[in-house]
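Participant: The structure is given below, and queries will be raised subsequently.
The values are calculated or read from the model by the stated rules, or taken from the named source; none is laboratory data. This one's a predicted model, so the numbers in the text were calculated from it and none came from an experiment. With ideal geometry, Cβ positions are generated from the backbone for all residues, glycine too; neighbour counts draw on all protein chains shown.
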């Protein structure tokens with residue numbers, strides 16, 4: 001039983017409800033859970049972390065049967081954005097906000113929610129149809145990616161004048177989403193790396209999935225297969241550093257892989273924004289065109305920011321190009337989810353876009369004209385949301401594209 | 001249960017859920033076992049009970065219809081705010097849990113009469129945010145103000161770290177609208193006037209029915225509209241922590257602080273426990289641990305910045321006269337302003353809950369030098385319990401925050417609900433605290449079902465309570481079992 005390993009965490013929930021609607025008047029935080037705000041049934045207890053943790057407890061204690069309605073809720077009531085974890089009283093204590101008085105309980109509600117989904121999958125009651133399709137695509141050797149595009153077309157976006165260097169210890173990991181859905185991101189990404197004089201290798205047609213969506217939707221067995229595969233390939237290629245532009249891939253490599261495999265610790269994982277910042281600091285990448293008269297703002301991808309603590313590099317890069325950078329609110333660790341993560345976009349696109357609309361409105365409140373992201377998942381959903389509004393951003397764009405234009 | 005009886009029960013349940021769904025819409029009522037499980041327990045040490053239904057009315061009319069249905073079918077109802085009570089506010093088996101989460105609006109801010117009107121399901125933190133935007137604030141909120149609903153706190157006449165001047169939550173209520181057991185909507189206070197139905201004063205009718213429902217914990221009616229006192233946001237706030245050598249000194253200083261009649265929005269007394277002051281420097285903590293184990297935490301507000309420092313000086317003089325020190329002279333990290341006060345005693349107060357699942361017995365003790373007896377007795381009781389149950393960590397016997405003219409203190413123990421033996425021992429430890437605290441004059445103020453056997457010994461108070469219950473709720477549908485009222489229900 002997957003949940004057995006999480007028993008201690010589950011019983012550490014004291015039902016305080018901070019995950020329901022956290023407020024910090026001095027920081028201006030008023031609510032933390034996008035699902036609670038935008039889900040039509042958002043105020044039911046099962047639609048925020050406390051209720052989900054109690055469901056996990058009920059399943060452990062065999063208190064009820066798992067019904068289709070319950071399964072639907074488990075996948076429709078959470079984007080695994082981690083905001084509940086960030087504002088969980090137990091997690092705050094564990095992280096060291098205050099000392100303990102002899103013991104220090106641990107609870108990461110997001111981790112429990114992911115385990116709960118894995119439990120449902122283990123019991124054979126999920127994945128749900130759209131999530132199952134992802135797994136089917138990944139297992140198909142002609143597809144080999146989450147979204148169903150042809151395997152042989154995976155690198156179609158690669159500029160002809162840029163060639164991978166098989167001797168390089170740096171790997172550019174393109175991921176599934178950008179190559180098939182927003183290829184302009186990866187095109188810009190490699191151009192930026194190239195401009196910085198970075199010789200990088202790729203996995204070519206052998207690149208598989210990072211496993212992110214699988215981890216989030218409870219399909220852990222296949223996710224771990226992806227992980228083993230990638231780690232093995234990286235070793236074979238003599239890779240030391242992996243650079244990815246995708247927040248989902250980054251979180252998976254940076255947090256999930258080390259959780260499940262000791263081998264993962266051998267690799268340095270960098271998000272493209274971190275790498276660009278490094279190249280700028282080393283003087284290898286020069287910003288030639290600053291844009292002073294345009295206001296831009298930035299959406300923190302949950303997987304990059306809250307989950308992995310990468311808040312500043314994207315901002316620093318962006319500010320170097322757009323001095324008129326403004327923060328949307330709330331931001332950083334308190335930022336609302338764009339709505340796409342945790343399998344939400346695949347399973348309930350309507351709700352995902354609704355949440356995205358909320359973020360677009362928050363962004364537009366800053367009077368910014370451009371919204372920048374560092375995650376193709378966020379980008380896709382925010383663009384969908386932006387297209388629905390009467391006063392949209394002029395552009396919703398990835399940081400890689402912004403940098404490419406400026407160098 | 002015989003086969004026929006079982007069939008009758010199933011049919012009755014089927015009819016009730018159908019009617020509930022008709023009243024509130026299919027998405028707002030459920031009798032799915034997994035939903036019932038989520039709504040079966042509060043944050044107390046007591047085990048949950050599975051209700052029969054959960055329903056979420058969106059307005060007063062829907063709630064009235066639900067109660068009428070319950071009364072007609074003699075099905076218990078149990079209003080639920082945030083579901084994190086610490087005193088066994090547990091739904092009766094088979095009851096209709098009325099989740100007030102959808103009734104969560106701030107209806108009105110009356111700036112002339114300094115009050116706001118809210119629905120019961122709004123969270124204190126949400127309300128705080130909304131009022132701040134208007135430049136106002138409420139007077140009292142619970143310790144866990146982020147996770148608690150307004151309705152739940154009023155229904156259990158709660159207190160909070162900001163109660164020093166404003167008193168119990170009930171003292172901040174101007175009027176109510178309450179749905180009674182037969183579905184009637186009762187208005188209390190000035191809003192009952194047929195030609196001027198506005199909330200602006202509480203005592204405009206002979207009997208204070210507002211007071212009857214504040215603290216009734218859902219046994220007499222369900223609060224659907226609450227008029228709360230508000231004040232303009234303060235102009236200046238000062239915050240300080242003073243450390244004393246003995247309880248006597250600390251209590252005397254606290255009394256003198258209160259006697260200044262300054263607008264003290266925080267007044268807390270705290271026995272040193274390693275780690276509690278962890279956000280301060282280790283050096284300061286060392287001094288406190290060895291020389292000044294009693295701290296008083298004071299925050300006050302004034303309407304003009306120029307008044308703040310002279311008042312602070314008075315408090316410092318009182319501290320010095322009682323042999324105390326200003327902790328900020330030892331530690332620059334001690335907060336001094338409004339935000340610091342909020343982080344230390346608002347959110348910081350909640351952070352004491354970070355150590356995990358715990359039982360808490362909040363109890364009332366008198367103010368002034370008399371408090372010293374109770375604190376010392378509390379520490380004595382704690383030692384006795386600790387001797388029998390050394391596996392637990394205990395806290396708070398020597399810690400309290402001031403409510404006007406009294407303190408709120410209590411006993412706290414952490415335990416593990418995944419370990420039945422540990423859980424049972426914790427319950428036993430809590431019973432020891434209850435029994436010994438009670439016999440030594442510690443006075444509970446929120447009862448749930450936790451204090452039923454004690455409440456029943458208070459005569460003739462409890463007898464009157466029963467008569468009131470019988471009169472207002474003859475079918476015994478309103479939270480039966482809570483406050484020891486109403487037979488089978490409850491824990």
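Participant: Condition first: crowded, with 18+ Cβ neighbours inside 10 Å, touching a strand residue (DSSP E or B) at 6+ places or on another chain (Cβ under 9 Å) and within 9 Å of chain B (Cβ to nearest Cβ). Can you find one or more residues in the stretch A:56-76 that meet it?
Facilitator: No, because not a single residue in the stretch A:56-76 is crowded, with 18+ Cβ neighbours inside 10 Å, touching a strand residue (DSSP E or B) at 6+ places or on another chain (Cβ under 9 Å) and within 9 Å of chain B (Cβ to nearest Cβ).
Participant: To continue, here is another question. Kindly list the number of the only condition in (1) touching a strand residue (DSSP E or B) at 6+ places or on another chain (Cβ under 8 Å); (2) crowded, with 20+ Cβ neighbours inside 10 Å that fails for residue A:168.
Facilitator: (2)
Participant: Something else: Residues that are touching a residue at least 12 places away in the same chain (Cβ under 8 Å) and farther than 19 Å from residue A:377 by Cα: which helices (runs of 4 or more DSSP H) entirely in the stretch A:112-199 hold 1 or more of them? Step through it out loud before you land on a result.
Facilitator: Working: elements: A:129-139, A:177-181, A:183-195.
Because the criterion is at least 1 residues that are touching a residue at least 12 places away in the same chain (Cβ under 8 Å) and farther than 19 Å from residue A:377 by Cα, the helices (runs of 4 or more DSSP H) in the stretch A:112-199 that meet it are A:129-139, A:183-195.
Participant: Same structure, new question: Take the stretch B:95-111 and flag every residue that is within 22 Å of residue B:50 (Cα to Cα) and not in a strand (DSSP E or B).
Facilitator: Going through the stretch B:95-111, the residues within 22 Å of residue B:50 (Cα to Cα) turn out to be B:95-102.
B:95, B:100, B:101, B:102, listed by residue number.
Participant: If you don't mind, there's one more thing I want to ask. For the stretch A:342-355, which positions are surrounded by 24 or more Cβ atoms within 10 Å (Cβ to Cβ) and closer than 11 Å to residue A:377 by Cβ?
Facilitator: Selection gives A:342, A:343, A:344, A:345, A:352.
Participant: Where residues in the stretch B:112-143 are in a loop (DSSP other than H, G, I, E, B) and more than 25 Å from residue B:58 (Cα to Cα), which of them is farthest from the chain's Cα centre (by Cα)? Lay out the reasoning, then the answer.
Facilitator: Of the residues in the stretch B:112-143, the ones in a loop (DSSP other than H, G, I, E, B) are B:112-114, B:119-122, B:135, B:139-143.
Restricting the remaining residues to those that are more than 25 Å from residue B:58 (Cα to Cα) gives B:112-114, B:135, B:139-140, B:143.
Values: B:112: 28, B:113: 26, B:114: 23, B:135: 25, B:139: 14, B:140: 10, B:143: 8 Å.
Only one residue fits best here, namely B:112.
Participant: Pairs please, first residue from the stretch B:239-250 and more than 17 Å from residue B:331 (Cα to Cα), second anywhere and surrounded by fewer than 24 Cβ atoms within 10 Å (Cβ to Cβ), Cβ atoms under 6 Å, 6+ apart in sequence or on different chains.
Facilitator: Every condition considered, the pairs that remain are B:245/B:292; B:245/B:323; B:247/B:372; B:247/B:375; B:248/B:372; B:249/B:322; B:249/B:323.
Participant: Taking helices (runs of 4 or more DSSP H) that do not extend beyond the stretch B:378-491, which have at least 3 residues that are touching a strand residue (DSSP E or B) at 6+ places or on another chain (Cβ under 7 Å)? If you could, list the steps in order and put the result at the bottom.
Facilitator: Values: elements: B:420-439, B:452-455, B:461-472.
Answer list for the stretch B:378-491: B:420-439.
Participant: For residues that are within 19 Å of residue B:221 (Cα to Cα) and touching a helix residue (DSSP H, G or I) at 6+ places or on another chain (Cβ under 6 Å), scanning just the stretch B:99-121, find the one that is surrounded by the most Cβ atoms within 10 Å (Cβ to Cβ). Give the steps one after another, and end with the answer.
Facilitator: So the first thing to find is which residues in the stretch B:99-121 are within 19 Å of residue B:221 (Cα to Cα), and the list is B:99-104, B:117-121.
Retained after the next criterion (residues that are touching a helix residue (DSSP H, G or I) at 6+ places or on another chain (Cβ under 6 Å)): B:100, B:118, B:120-121.
Working: B:100: 25, B:118: 29, B:120: 27, B:121: 27.
The extreme case among them is B:118.
Participant: Can you name every residue in the stretch B:315-329 that is part of a helix (DSSP H, G or I) and modelled with pLDDT of 95 or more? Don't jump to the end; show me each part of the working.
Facilitator: Just the residues of the stretch B:315-329 that are part of a helix (DSSP H, G or I), to begin with: B:315-321, B:327-329.
The answer is B:315, B:316, B:317, B:318, B:319, B:320, B:321.
Participant: Also: Taking the stretch B:1-25 as the search range and keeping residues that are at pLDDT below 95 and outside any helix (DSSP H, G or I), which one is farthest from the other protein chains (Cβ to nearest Cβ)?
Facilitator: Filtering first and then ranking leaves B:2.
Participant: If you go through the stretch B:403-412 one residue at a time, do you hit one that is within 17 Å of the chain's Cα centre (by Cα) and within 14 Å of chain A (Cβ to nearest Cβ)?
Facilitator: Yes, the conditions are met somewhere in the stretch B:403-412.
Participant: More than 10 Å from chain A (Cβ to nearest Cβ), touching a strand residue (DSSP E or B) at 6+ places or on another chain (Cβ under 9 Å) and closer than 24 Å to residue B:221 by Cα: does that describe residue B:28? Give the steps one after another, and end with the answer.
Facilitator: Numbers: more than 10 Å from chain A (Cβ to nearest Cβ): no; touching a strand residue (DSSP E or B) at 6+ places or on another chain (Cβ under 9 Å): yes; closer than 24 Å to residue B:221 by Cα: yes.
No.
Participant: So, of the residues in the stretch A:21-38 that are crowded, with 24+ Cβ neighbours inside 10 Å and more than 7 Å from chain B (Cβ to nearest Cβ), which turns out to be nearest to residue A:359 (Cα to Cα)?
Facilitator: A:34
Per-residue answers, yes or no, for (1) over 27 Å from residue B:98 (Cβ atoms); (2) at pLDDT below 95:
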{"site": "A:43", "(1), (2)": "no, yes"}
{"site": "A:84", "(1), (2)": "no, no"}
{"site": "A:97", "(1), (2)": "yes, yes"}
{"site": "A:100", "(1), (2)": "yes, yes"}
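Participant: Sticking with this one: For the stretch B:47-64, which positions are more than 8 Å from chain A (Cβ to nearest Cβ) and crowded, with 23+ Cβ neighbours inside 10 Å? Quick ask: steps written out before the conclusion?
Facilitator: Of the stretch B:47-64, the ones more than 8 Å from chain A (Cβ to nearest Cβ) are B:47-55, B:57-64.
B:51, B:53, B:54, B:55, B:57, B:63, listed by residue number.
Participant: Go through the residues of the stretch B:34-46 one by one and say whether even a single one is part of a strand (DSSP E or B), within 13 Å of chain A (Cβ to nearest Cβ), over 25 Å from the mean Cα position of the chain (by Cα) and farther than 30 Å from residue B:453 by Cα. Step through it out loud before you land on a result.
Facilitator: Residues of the stretch B:34-46 part of a strand (DSSP E or B): none.
No, there is no match, as no residue in the stretch B:34-46 is part of a strand (DSSP E or B), within 13 Å of chain A (Cβ to nearest Cβ), over 25 Å from the mean Cα position of the chain (by Cα) and farther than 30 Å from residue B:453 by Cα.
Participant: Can you find even one residue in the stretch A:162-170 that is at pLDDT 95 or above and either touching a helix residue (DSSP H, G or I) at 6+ places or on another chain (Cβ under 6 Å) or under 30 Å from residue A:13 (Cβ atoms) (or both)?
Facilitator: So far as the stretch A:162-170 goes, yes, one or more of its residues are at pLDDT 95 or above and either touching a helix residue (DSSP H, G or I) at 6+ places or on another chain (Cβ under 6 Å) or under 30 Å from residue A:13 (Cβ atoms) (or both).
Participant: Separate question: Please list, ordered by first then second residue, the pairs with beta carbon atoms under 7 Å, 6 or more apart or interchain, first in the stretch B:122-149 and more than 10 Å from chain A (Cβ to nearest Cβ) and modelled with pLDDT under 90, second part of a loop (DSSP other than H, G, I, E, B) and buried (at least 24 other Cβ atoms within 10 Å of the Cβ).
Facilitator: Pairs found: B:141/B:160; B:141/B:162; B:142/B:148; B:142/B:158; B:142/B:160; B:143/B:160; B:143/B:161.
Participant: Could you say which residue among A:339, A:358 is out of contact with any strand residue (DSSP E or B) (no Cβ under 7 Å at 6 or more places or on another chain) and either farther than 20 Å from residue A:34 by Cβ or surrounded by 23 or more Cβ atoms within 10 Å (Cβ to Cβ) (or both)? Walk me through it before giving the result.
Facilitator: Working: A:358 fails: either farther than 20 Å from residue A:34 by Cβ or surrounded by 23 or more Cβ atoms within 10 Å (Cβ to Cβ) (or both).
Exactly one residue qualifies, and that residue is A:339.
Participant: Suppose we keep only residues that are buried (at least 24 other Cβ atoms within 10 Å of the Cβ) and in contact with a helix residue (DSSP H, G or I) (Cβ under 6 Å, 6 or more places away or on another chain) within the stretch B:151-167. Which one would you say is farthest from the other protein chains (Cβ to nearest Cβ)?
Facilitator: From the stretch B:151-167, those buried (at least 24 other Cβ atoms within 10 Å of the Cβ) are B:151-156, B:158-164; that's our starting set.
When the remaining residues are screened for being in contact with a helix residue (DSSP H, G or I) (Cβ under 6 Å, 6 or more places away or on another chain), the result is B:151, B:153-154, B:158, B:161.
Details: B:151: 14, B:153: 13, B:154: 17, B:158: 15, B:161: 15 Å.
It comes out as B:154.
Participant: Can you say whether residue B:227 is modelled with pLDDT of 95 or more, under 27 Å from the mean Cα position of the chain (by Cα) and not in a loop (DSSP other than H, G, I, E, B), as far as the supplied structure shows? If you could, list the steps in order and put the result at the bottom.
Facilitator: Details: modelled with pLDDT of 95 or more: yes; under 27 Å from the mean Cα position of the chain (by Cα): yes; not in a loop (DSSP other than H, G, I, E, B): yes.
Judged against the criteria, residue B:227 is a match.
Participant: When you look at residue B:92, is it assigned to a loop (DSSP other than H, G, I, E, B), away from chain A (no Cβ under 12 Å), out of contact with any helix residue (DSSP H, G or I) (no Cβ under 6 Å at 6 or more places or on another chain) and surrounded by 24 or more Cβ atoms within 10 Å (Cβ to Cβ), yes or no? Steps first, please.
Facilitator: Details: assigned to a loop (DSSP other than H, G, I, E, B): yes; away from chain A (no Cβ under 12 Å): yes; out of contact with any helix residue (DSSP H, G or I) (no Cβ under 6 Å at 6 or more places or on another chain): yes; surrounded by 24 or more Cβ atoms within 10 Å (Cβ to Cβ): yes.
Answer is yes for this residue.
Participant: Just one of the numbered conditions (1) in a loop (DSSP other than H, G, I, E, B); (2) closer than 30 Å to residue B:166 by Cα; (3) touching a strand residue (DSSP E or B) at 6+ places or on another chain (Cβ under 9 Å) is not true of residue B:368; which one?
Facilitator: (3) is the only condition that residue B:368 fails.
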